[in-house]
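So the structure is just underneath, and the comments pick up after that.
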Amino acid sequence: MALLTHWDGEPVHVWASLWSSPLVEVHDVLGSTNDRARDLASGGAWLFSVVLAEQQSSGRGRGGTSWHSPPGAGLWISALLPESRPQVPHVPLLVGLAAARAAERVCRNLSVGLKWPNDLYVRGRKVGGILCEHGHGPVVAGVGVNVRQQRGDFPQALERRATSLEAAACGRVSMGELATELLAQLHRLSSAMTGELPPEVHRELTERDVLRDRPVITDQVGQGVARGLDGDGALLVERPGGGRVRVVAGSVRTW
């Protein structure tokens, strides 16, 4: 593991200034950017400190699933965000919204959807994921966006389900531009992470919801039909016998 002094053609301190970040670390290889960001938070690092890695050797998603993070193929980044209650379900959605907006700003021909609670989808395939970890102090928000992978670059188990921005006909993507847009959107949305979802943000999340009106299986309540999001970002599921329930945690898959 080595700290890099330059990233995407610029000194690291230039990125720190551009992102209004009190600390930016860029590593050639890390086990997990979230783990390093959590260590920084424990040491008293300020909000919007950022950790980047060219490669993650032990990248992970929700529930401990592995995240394929090969060198130079994607944006593997974590940031320290304002503290929020762990039971507030909309924090990963807001981080996902920031990533979706950022991707669309660097890829003007793409439309990015959100799969509750933490995945980014383009044309039916997963292009990115969010992992928010709560503790004492800041939220550690990890974002992984596939950028450069082409057909055949993903492990066989992911080949039919995953894509990247460039594989989705985006053209050449600047990692620096993507990270800059992401951090800008995280700054804009940070005030909504500790309170109610603003109506306009709720509307945008609803418009991006790729699960709406689809049959789903959830860890929390079993089978049903996804019926959108309530005001705090919980997934509304209509049960087979009637009535709607709120899902605030766990995994969801379509069937």
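The values are calculated or read from the model by the stated rules, or taken from the named source; none is laboratory data. For clarity, every value in this text was computed on a predicted model and none was experimentally measured. Positions of Cβ are generated from backbone atoms using ideal geometry, with glycine treated the same way; all protein chains shown enter the neighbour counts. Ligands, DNA and RNA are excluded from the accessible area calculation, which covers all protein heavy atoms including side chains. Shrake-Rupley method; radii C 1.70, N 1.55, O 1.52, S 1.80 Å.
A few notes on this one:
- Residue match in region 2-19 (condition: of a type in the set (A, V, I, L, M, F, W, C) and open to solvent by 60 Å² or more (accessible area, probe 1.4 Å)): yes
- In region 220-231, the residues that are touching a residue at least 60 places away in the same chain (Cβ under 8 Å) reach residues that are in a loop (DSSP other than H, G, I, E, B) and open to solvent by 30 Å² or more (accessible area, probe 1.4 Å) with C-beta atoms within less than 7 angstrom, at least six apart or across chains, in these pairs: Ala226/Arg212; Ala226/Asp213; Ala226/Arg214.
- Any hit, region 187-200, residues being within 17 Å of the chain's Cα centre (by Cα) and open to solvent by 40 Å² or more (accessible area, probe 1.4 Å): yes
- Restricting region 123-153 to residues that are open to solvent by less than 20 Å² (accessible area, probe 1.4 Å) and more than 22 Å from Ala41 (Cα to Cα), the residue that is modelled with the lowest pLDDT: Gln149
- Checking each residue in region 106-122 for being more than 23 Å from Trp255 (Cβ to Cβ) and open to solvent by less than 10 Å² (accessible area, probe 1.4 Å) picks out Cys107, Val112.
- So Asp232, is it of a type outside the set (Val, Ile, Thr), open to solvent by 40 Å² or more (accessible area, probe 1.4 Å), within 17 Å of Tyr121 (Cβ to Cβ) and in a loop (DSSP other than H, G, I, E, B): no
- Pairs, first closer than 18 Å to Ala179 by Cα and modelled with pLDDT of 95 or more in region 102-114, second open to solvent by 40 Å² or more (accessible area, probe 1.4 Å) and outside any loop (DSSP other than H, G, I, E, B), C-beta under 6 Å, six or more apart: Ala102/Glu181; Arg105/Glu181; Val106/Glu177; Val112/Glu104
- Hits in region 168-208 - residues which are outside any helix (DSSP H, G or I) and among the β-branched types (Val, Ile, Thr): Val173, Thr194
- Residue that is most open to solvent (accessible area, probe 1.4 Å), among those in region 46-60 that are modelled with pLDDT of 95 or more and not in a strand (DSSP E or B): Trp46
- Taken over region 1-27, the criterion of being free of Cβ contacts under 8 Å to residues at least 40 places away in the same chain and acidic (Asp, Glu) is satisfied by Glu25 alone.
- Applying the criterion of being assigned to a strand (DSSP E or B) and more than 17 Å from Asn118 (Cα to Cα) to the residues of region 212-226, the residue that is most open to solvent (accessible area, probe 1.4 Å) is Gln223.
- Count of region 237-255 residues which are within 21 Å of the chain's Cα centre (by Cα) and either outside any loop (DSSP other than H, G, I, E, B) or at negative phi (or both): 7
- Where strands (runs of 3 or more DSSP E) fall wholly inside region 87-146, the ranges with 3 or more residues that are among the charged types (D, E, K, R) are 125-133.
- Considering (1) in a loop (DSSP other than H, G, I, E, B); (2) under 18 Å from Val51 (Cα atoms); (3) in contact with a Leu (Cβ under 9 Å, 6 or more places away or on another chain), the lone condition that Leu75 does not fulfil carries the number (1).
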